[in-house]
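Structure record follows, encoded as structure tokens.
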Amino acid sequence: MAKLYIVGTPIGNLKDITYRAVETLKMCEYIACEDTRHSLPLLSAYDIHAKLIAYHKFNEAECSNKLIELIRDGNNVAIITDAGMPSISDPGAEVVSRCHEGGVEVELVPGPTAFASAVALSGIKDAGFTFIGFLPDKKADKVSILTKVDKTELPIIIYVAPHDLKKTATDLLDILGDRTVRVCRELTKIHESVTVTTLSSFECEERGEIVMIIDGKKEENPYLKLSIKEHLLSYINDGMDKKDAIKKVTQERGIPKNDVYQESMKL
């Protein structure tokens, strides 16, 4: 029985394609591409000669019907995007959803994904993250989305076009406040890099495909709302040695140790 195949393609290096992906694309009669011109070098490199159909965000609804009709006529159809997995900030979800609704079989052939690759390369240690994808163009829409995730302590991951990089950093600073950000560029390519910077003093080369990983909101220490004296007493009353309490309060408040010591003398 014919199927729709969701096929992941390389996000940069053409060698990052699975044996199964190549086999699947070779056995399909049709391949729906986000941009047929962009996909041709990859397909040519692996001697794949299926009929190509343009499937992009401007014709998803219309083209989905055509793809489903082809499958029901007995043709295997694969859907690919310019890079990575279909439906992940790229076209694909419309036809997949319609296939499920209409009883057309769908099979997944996974491949690289930019945000997962960026997480692995960046070295962040958080046990999770919030993935947004590309931010909307309008400032009001950006504010709406980012304010929903502002309070999360998990990193926020977005995709950014190189020409929008500095403007995006400025918008993020306005909405989220200053945070550390890791900018992952040119993943799997020759000039692959990770730049660690901050939103307030943002510096990064504006070139290549970009994934930004913004630190989550750090939990505020409730003791910082107390006076230095009350802060010290809280730790001492919990059984901490006075010397250790002075050291901890100094570190948490980021003030000279002598200031804390003077307050400890008043206890």
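The values are calculated or read from the model by the stated rules, or taken from the named source; none is laboratory data. As the structure is a computational prediction, the values presented were derived from the model and not from experiment. Cβ sites come from the backbone with ideal geometry, for glycine too, and all protein chains shown count toward neighbours. The area values use the complete protein model at the heavy-atom level, side chains included, leaving out ligands, DNA and RNA. Shrake-Rupley method; radii C 1.70, N 1.55, O 1.52, S 1.80 Å.
Quick notes
- Region 113-261 - convex hull of alpha carbons, volume per residue in Å³: 144 Å³
- Options ASN76, ILE157, THR147, ranked by Cα towards positive dipole end of region 49-161, top entry (Cβ charges): THR147
- Rounded to the nearest 20, the size of the Cβ-charge dipole of the chain about its Cα centre is 820 debye, with Lys and Arg at +1 and Asp and Glu at -1.
- Hydrodynamic radius of region 51-201 per Kirkwood, over alpha carbon pairs, in Å: 17.8 Å
- P(r) tail fraction, region 159-233 - alpha-carbon pairs more than 21 Å apart, %: 39 percent
- Gyration tensor (alpha-carbon) shape descriptor, region 98-155, a/c threshold 1.5: oblate
- Mean ellipticity per residue at 222 nm, deg cm²/dmol - from DSSP H runs of n ≥ 4 across the chain, formula -39500 (n - 2.57): -11500 deg cm²/dmol
- Using a cut-off of 18 Å between Cα atoms, the listed pairs LYS51/LYS189; LYS243/LYS266; LYS15/LYS57; LYS217/LYS257; LYS57/LYS148; LYS151/LYS218 include LYS51/LYS189; LYS15/LYS57; LYS217/LYS257; LYS57/LYS148 as exceeding that distance.
- For region 2-69, Kirkwood radius (reciprocal of mean inverse C-alpha pair distance, Å): 12.6 Å
- Dimensionless Rg ratio for region 1-134, taking C-alpha atoms and the 2.2 N^0.38 Å reference: 1.06
- Furthest towards positive pole of dipole, ILE17, ASN65, ILE132, structure part region 1-134, Cβ charges: ILE17
- Per residue, the average separation of C-alpha pairs within less than 8 Å and at least 6 apart gives region 20-72 a relative contact order of 37 percent.
- Whether region 32-97 is rounded, prolate or oblate, judged on the alpha carbon gyration tensor where a/c under 1.5 counts as rounded: oblate
- Mean separation of Cα contacts under 8 Å (6+ apart) over length of region 42-190, as relative contact order %: 18 percent
- Antiparallel DSSP beta bridges within region 1-104, percent to nearest 5: 10 percent
- The order of GLU62, GLU107 by accessible area, most exposed first and with a 1.4 Å probe, is GLU62, GLU107.
- Sorting the Cα pairs of the chain by distance into bins of 10 Å, from 0 upward, gives 6, 23, 23, 20, 12, 6, 6, 3, 0 percent per bin.
- Angstrom value of the Kirkwood radius, inverse mean 1/r, which spans all Cα pairs in region 127-204: 13.2 Å
- Whole-number percent relative contact order across the chain, with pairs defined as alpha carbons under 8 Å at least 6 apart: 17 percent
- Taking only the C-alpha atoms of region 200-252, Rg followed by Dmax gives 19.0, 55 Å.
- Test item: Cα-centred dipole of region 3-157, Lys/Arg +1 and Asp/Glu -1 on Cβ, debye: 280 debye
- About its Cα centre, the dipole of region 183-235 is roughly 260 debye, where the only charges are +1 on Lys and Arg Cβ and -1 on Asp and Glu Cβ.
- Unit charges at the beta carbon, dipole of the chain: most positive-side option, LEU43, ALA32, ILE228: ILE228
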